[in-house]
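Just below is one structure, and these are the notes that go with it.
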Amino acid sequence: MNRNNFRLGLNSLKVKYKGRNVGLLAITKDKKVAFSYDEDWLKNGFSISPFSLPLENKVFVPANYNFEGLFGVFADSLPDAWGKLLVDRMLQENGLGNDVTVLDRLALVGVNGMGALEYEPNYEFEGSKEIYDLDYLSKECQKILLTEYSKDLDMLYRLGGSSGGARPKILTTYEGKDWLIKFPAHVDSKNIGQMEYDYSKCAMKCGITMTETRLFSSDLCSGYFGTVRFDRIVENDKKHKVHMATAAALLEADFRVPCMDYHTLMKLTRVLTRENKSEVENMYRRMCFNIFAHNRDDHAKNFTFLYDEGEDRWHLSPAYDLTYSNTYYGEHTTSVDGNGKNPSEKEIVNVGMQAGMKKQNCLGIIEDIKAIVHQELGKYL
C-alpha cells in the first residue's frame, strides 16, 4: 500500500462494472451512503439489486445501518472477519487506522472485490497473486490471528484482503483457474480442510451444485481446502467477472443475527430465477444437507445469486461454506419452518411444498440426502 496515494475521508465514490459507470455513492449527513445510477447505465444497464435498487432515476438511501450505512450489494464487496482483520492491520502499520470511512474501505477493495462491481478511486495493492508455499502462509496467518508480527503482512493482505468469512484464506490463480484456499483458524482442528473437502464431495453426491474442489497438500496437516471461485468464469479464452449478491444483500438482512427462514430463501430463489424448478430444488437440497450434516452456520450471507447479463436473469450460485458447524445458541441460523433447533420431517417437507414442490419429491430428497450424509460423513456427526 502506498500511503501517499491514499486519501482519507472520501465523500463519494464511483461504482463500475466491466469498465462502465454504474453510478455514484455519496455519504449523507446522517452517515448513510446514498446511491444513484449513471444516466447511461439507466439506458443500457440492469438493476444491480432488484428489490432495493430498481433501475430508476432517483437517489436511493438505505433504510437502516445494517451494513455500515451501505446498501447490501455494496457491502458484499467489503471484506469481513479475516479480510477485515488484514485491512485493519495494514492500515495500522501505515498509520491510517483511525479515520477510515466505509467509502475509503471500498476504495481499498477497488477492482479486487468478490463479484464484478469495482470502485474508483482504486487504492489496490500492486503485486503478484500467484500461489506461494501454503504451509508458510498458514503459519503466517496464525501469527496475524494471535496479533503477532508478520514480516509478510503485505503479501497476506494482497492475497486475502478482499475475502470474506472467518477462516484465513487466500485468493490465487492455480493451473489457470481462480481459487479460494482456506487455512485453519486458531480455534479449528488442524485437519479442518479435510473435513470441508469431504463435505464438498458429499454435497456433490447429494445433487448440490458445487464448483471444483481440491485438497491442497501440506506437511503440517491433512491438507488445505480449496474451491474454484464461481464469480470468475472463462469464455473464449478470456476471464470475466460475474455480478453476484448474497441473500443478505438482496434482502438488506443483517447476517450476523438469526433473521431468516428457509421459506424466505425458497421464495427468493423462485422470484429471482423466475420459477426455475431445478434451482428451487437445489436450494431445498442445500437445506436438507445443512440439517443432516449439522451445518448450522447457514446464515444469510452463505447463499448467493449470480446475474447473467446475456439472459437478463439471476441464477442460484454453487454452494459454499459447507462443513460441520455449531452456533453459540445451538440452532440453525436460518430456521426451518420456524424451527431452528431440531427440524422435523414435517417441517422440512412444509418448506418444499410451500415453494411448489411435490410432497413425494420432498420426501424422496430427504431420504436420499440423509442416507448419503450418514454414509459419507458419519465419522464427523
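The values are calculated or read from the model by the stated rules, or taken from the named source; none is laboratory data. Source: prediction; values computed, not measured. Quick reminder, even Gly has a Cβ in these numbers, built from the backbone with ideal geometry, and neighbours come from all protein chains shown.
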Fill in the blank from the handout: Given (1) part of a loop (DSSP other than H, G, I, E, B); (2) modelled with pLDDT under 95, residue 178 misses just (1)
Problem - the range 41-55 - residue that is part of a loop (DSSP other than H, G, I, E, B) and of a type outside the set (Phe, Trp, Tyr) and, of those, surrounded by the fewest Cβ atoms within 10 Å (Cβ to Cβ) - result: 54
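Do we find that residue 190 is in a loop (DSSP other than H, G, I, E, B), at pLDDT 90 or above and either of a type in the set (Lys, Arg) or closer than 27 Å to residue 282 by Cα (or both) in this structure?
Yes.
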Handout entry: Residues being exposed (fewer than 14 other Cβ atoms within 10 Å of the Cβ), under 23 Å from the mean Cα position of the chain (by Cα) and of a type in the set (Asp, Glu) - total across the range 312-353
Key = 1
Completion exercise
Per the filter on the range 202-254, residues among the aliphatic types (A, V, I, L, M), buried (at least 17 other Cβ atoms within 10 Å of the Cβ) and in contact with a helix residue (DSSP H, G or I) (Cβ under 8 Å, 6 or more places away or on another chain) are 203, 208, 210, 215, 245, 247, 248, 249, 250, 251, 253
Practice task
Exactly one condition in (1) modelled with pLDDT under 95; (2) farther than 19 Å from residue 299 by Cβ is not met by residue 356; state its number.
Solution key: (1)
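Is it the case that residue 73 is in a helix (DSSP H, G or I), modelled with pLDDT of 95 or more and closer than 26 Å to residue 156 by Cα? Full working, then the answer.
Numbers: in a helix (DSSP H, G or I): yes; modelled with pLDDT of 95 or more: yes; closer than 26 Å to residue 156 by Cα: yes.
Considered against the rule, which asks whether it is in a helix (DSSP H, G or I), modelled with pLDDT of 95 or more and closer than 26 Å to residue 156 by Cα, residue 73 comes out as yes.
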Fill in the blank from the handout: When (1) in contact with a Leu (Cβ under 8 Å, 6 or more places away or on another chain); (2) crowded, with 21+ Cβ neighbours inside 10 Å are applied to residue 36, the one that fails is (2)
Practice task
Determine which member of the set 157, 199, 136 is of a type in the set (Phe, Trp, Tyr), modelled with pLDDT of 90 or more and crowded, with 21+ Cβ neighbours inside 10 Å.
Solution key: 199
Practice task
Considering only residues that are part of a helix (DSSP H, G or I) and among the hydrophobic types (A, V, I, L, M, F, W, C), look in the range 280-331 and name the one that is farthest from residue 254 (Cα to Cα).
Solution key: 292
Practice task
Answer yes or no as to whether residue 150 is in a loop (DSSP other than H, G, I, E, B), buried (at least 21 other Cβ atoms within 10 Å of the Cβ) and not β-branched (Val, Ile, Thr).
Solution key: no
